Structures are given as C-alpha cells and as structure tokens.
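Below is one structure, written out as structure tokens; comments come after it.
The values are calculated or read from the model by the stated rules, or taken from the named source; none is laboratory data. Computed from a prediction, not measured in an experiment: that's the story for all the values here. Every residue, glycine among them, receives a Cβ derived from its backbone with ideal geometry; neighbour counts consider all protein chains shown.
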Amino acid sequence: MSENLIELKNISKRFGGVRALDSVSMNIRPGEIHCLAGENGSGKSTIIKVMSGVYTPEEGQILISGEPVSKLDPIKAVQNGIQVIWQDFSLFGNLTVAENLALNTYILEGRGRMDWARARKMAREVLARLDVELDIDADVETLPTSGKQIVAIARAILAEARLIIMDEPTTALTRHEVDALFAIVRDLQAQGIAVLFVSHKMREMLEISDRLTVFRNGKKVAEGQMSEFDEPAITRAMTGLELEEQPYVANISADTAPVLEVKNLCVPGIVEGVDLELRPGEIVGISGLIGSGRTELARALFGMENARADTFRIGGRDIFPRSVQEAIGLGIAYVPEDRLSEGLFLTQSIERNMVVSIMDRLRKGLFLDRKAMRSKTEDMFATMQIAAPSADTAVGNLSGGNAQRVMLGRWLLTGAKILILNGPTVGVDVGSKAKIHKIIRDLAHKEGLAVVMISDDVPELTGNCNRIHVMHGGRFVAHFEGQAMSEDQINDSLKALK
C-alpha cells in the first residue's frame, strides 16, 4: 500500500491563456498536518479544487492510496475520504447544529424524514470525539465563527474523512480560538486523519504543520519538513523577495498637539471609561479578545454608536461626531474588518468604490465631474500600488490585498487626518501585507496621518505601532510602548484575560 494518501503528479491547469498550475507535484500522507502556502494567485485554490474533484486538470495524474484515479469528481473525492472546509463553511444557517451534522448522512441513505433522536445522538457522539462542547439545538447562524468551524469539521468526520482540507481556517479567529482549533487539528491527526492547512500566516504554519509546500505563480517552489523552514525562508519562497519590516518609530516632539483627545468614552453596556490620545504621525495599536469592545470603540469614534464622553476633542475643537457624515467632515476615516460585507461594492469598479466617499465634492451642477473622478482615482490608484488592469476593473475581481488598498484609497481621498483600521490585513497574503504596512507607515511618517490600528495579529501591532493598548471588558487594561512593547509581553497580557 502506498505511503501517500493522495499524490498529484505533474498537474497542469489552464484558464483561457492563463496557466494556473504548471506541472505541479505534491503528496499528502495519512495522519500528517501538511501546510500549503503561497500568495494570492499562486495556485493554492486551484490545486484544492483539483484534489476535491471540482477541476479536472489538462495534464498529470492523481493517485489515491497509490491507485490512479481517472476523472476525479466531487462525489468520487468524498467517497475517497477527501473533504474541504471552505472559508464560508457551506453550512445551513437556519438549521440546528444537529440537523447540519445529520443532513448529509440522511441524504446518502435516501431518507425522506429526519429521525431527531438519531440526529441528536450522532451530533453528541461526533462532538465528543472532537472533545468540544456545543449546543446541538442552536441554529448555526447564531454561532461564532469558531463554532461554525467546529460544525464543519464534525460534518467532515461523519462523512468518514481521511483528508480534511482547511482553506484559511484562522482568518476570522482570535488567538484563543486558534489555540482551540489547533487542539482539534492535533486530535484529528491522532485519529489518523490528514489535514491540509492552507494559510498566509507563517507563525501558524510553523506551529501546527509537519510538512510545507509553497506555490508561487502556479509552480511548486519549495517543499520539505517544517523544521527546515523559518519565517524569512517561507517569505522568500512565497514572494521571491526579502521582506524585512523594522519597528515603526514616530518622530513626534513632546509639544506636538494631539489631533484626537478622548476622555471617559462610553458605549452603554460595552465600552466603559476609555481614554485615548492620538498625535499626528502616530500609529496606536489596540488588541483584545473578541467581545472586548474594540470594534464598538472604533465605531463610536466614527459616529456609528450611541456613545458619550466627558471630552471628545478633534484638532482642538470640542465636538462629538453623532453620525458617519459628521465624522467624515471632521477628518475621521474607518476601514472595517469585513471589507466584503461592510466596505466594498464588489460588482462596481475601483473608480466608483473610491470616489463614493467624495461624491458631493465631485458634482458639477446636476452631474458628476467625470474628469475629476478619473484624475483623483488614478492618483490614488498609483499611491496605493493597486495591481489591476485599470480603474474600471470590478473590485470583486481583485485579491484581498488589492481590495484592501481600494478601501484605504477611498478614505484617504476624503482628506482624513485620523484613520481607524480594524483588522487591516485580515485575509491578505504576506507580500500584500508588507505593502499595506509600508503605505500606512509612510502616510503616518510623511503626511502626519494619525492611525488607530486594531488587530489580533500581535506581530503586526509590534511592528507598526509606537504604542499599544490591550482592551478587555470595554476598558484599556494594559499599555505598552518602547522596550516593553514585545510580542511575548503582549501575548502574556492577552493570555491572562482568558
């Protein structure tokens, strides 16, 4: 019997004139945790769809347990124990946990009616196998992201999975939830189930994986035991470049007046007594567990919450923004964490997404000044280093990093003096992440933009902020700057809050 659960030999796949995979070979062994890494467009999603039978390659061979498989399709892949957990989890939100878990089994058995007692028994048993507790009667749509992920993993186990492919599984998870997920992944490994872990996050790759395969531009460029790699080596393989970020230094004199002064900011029941001061050129970080109040704080600063404060001073003026329009008028901009559902119009062009925040300024009588629209968009297109054929490209066709740069460009067009970033590089590959960081740092250092950066990614905060606050229970409970602003100290502070 082959030592490989699945083996791909010289796989090639084209889309029109684009070669998405170029003679790629890789294998996954039973019970191993294998990481697949690469930037957006490297071919990761394509190879996943080849493994799961969604795409048929033009060239190459697929072997499962050493046996060649011709015309692998999704049904045949599932029958061979290959399960994919996509980023959207593909669950039924209006059904309970038990119903979601039992549904596939009942369909395969051809049953027309649900046996509720059996469904609940199946759910309890599979969750016990994962050593997790979950309300099996709760509708899946009410669960947090981590809960939905557990349901998706449990469903795969019920389908007798031998290989579970996890596509960017930690994108929307806190560090605490990541630790819980990794415990489940290691438990799956102990049960002999292989896991293909697809991620942009290098520290997580190093922590969880036995082996690593790296793609770049549709080719395999590196492969080996994870012990053979470190962060710089993975970065070089993914990008072909040396990417080194030095800690950000804000050159601010002691007498520089704050652009934002907030004292005793409250959002009833969520944020209590927050004091925040921000000077031009500063990048101030905020971290904290889910539910700490950090997003509500950001929304309050942008006029989106029913908030109050003893002091709310912008540029020396005592004024509290009570709406988004007022906040924009005061020079505040906010980039939300979920850019797809909260920030961007995916079917519209880059140009329309960018100028939507300044439409009133572009009016020429009853019409929009098309020439001014294009001029401002093209200037920001270049500043944000957006990789796209033109400003007419639909935002939905962009990578995560380029879409995020469109969001940044939109708000910078307003002439903002204060930029609030909530999860600025969530779901962004390492190369785009470095570019976004450089843009933010340059805007702060050269243009005097004041930035609030909210993130779960502690290295992102320590590498780009001159001060960091840790939030818990709606308050700032720890503060770090200078030599004290180390990853270990901040992580220790966060762990103490669990």
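Every residue, every condition in (1) touching a helix residue (DSSP H, G or I) at 6+ places or on another chain (Cβ under 8 Å); (2) aliphatic (A, V, I, L, M), yes or no:
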residue: VAL355; (1), (2): yes, yes
residue: LEU366; (1), (2): no, yes
residue: ASP369; (1), (2): yes, no
residue: ASN397; (1), (2): no, no
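In segment 400-409, the condition of being among the small types (Gly, Ala, Ser), in a helix (DSSP H, G or I), in contact with a helix residue (DSSP H, G or I) (Cβ under 7 Å, 6 or more places away or on another chain) and free of Cβ contacts under 8 Å to residues at least 60 places away in the same chain is met by at least one residue. Residues that are without any contact (Cβ under 8 Å) to a residue 12 or more places away in the chain and closer than 27 Å to GLN87 by Cα within segment 341-370 comprise SER341, GLU342, listed in sequence order. Here ASP22 passes the criteria (1) closer than 28 Å to LEU398 by Cα; (2) of a type in the set (Asp, Glu); (3) in a loop (DSSP other than H, G, I, E, B) except the one numbered (3). Just to be sure I understand the filter: pairs with C-beta atoms under 9 Å, separated by 6 or more residues or on different chains, first member in segment 315-327 and touching a residue at least 40 places away in the same chain (Cβ under 8 Å), second member outside any loop (DSSP other than H, G, I, E, B) and surrounded by 11 or more Cβ atoms within 10 Å (Cβ to Cβ). Which pairs pass? Qualifying pairs under 9 Å: GLY315/LEU260; GLY316/GLU261.
Kindly establish whether GLY288 is in the same structural domain as GLN483 (by TED's automatic domain parsing), surrounded by 19 or more Cβ atoms within 10 Å (Cβ to Cβ) and under 27 Å from PHE480 (Cα atoms).
So GLY288 fits the description; yes.
The requirement of being touching a Pro at 6+ places or on another chain (Cβ under 8 Å) and assigned by TED's automatic domain parsing to the domain that holds THR105 is fulfilled nowhere in segment 212-222; no residue meets it.
Within segment 459-474, being among the β-branched types (Val, Ile, Thr) and either in a strand (DSSP E or B) or crowded, with 23+ Cβ neighbours inside 10 Å (or both) holds for ILE468, VAL470. Contact map, segment 83-100: first residue in the same structural domain as ILE165 (by TED's automatic domain parsing), second residue surrounded by 20 or more Cβ atoms within 10 Å (Cβ to Cβ) and among the acidic types (Asp, Glu), Cβ cut-off under 9 Å, separation 6 or more or different chains; pairs are PHE92/GLU99.
From the list ASP442, ASP488, ASP456, which residue is outside any helix (DSSP H, G or I) and among the acidic types (Asp, Glu)?
Details: ASP442 fails: outside any helix (DSSP H, G or I); ASP488 fails: outside any helix (DSSP H, G or I).
Unique residue meeting the criteria: ASP456.
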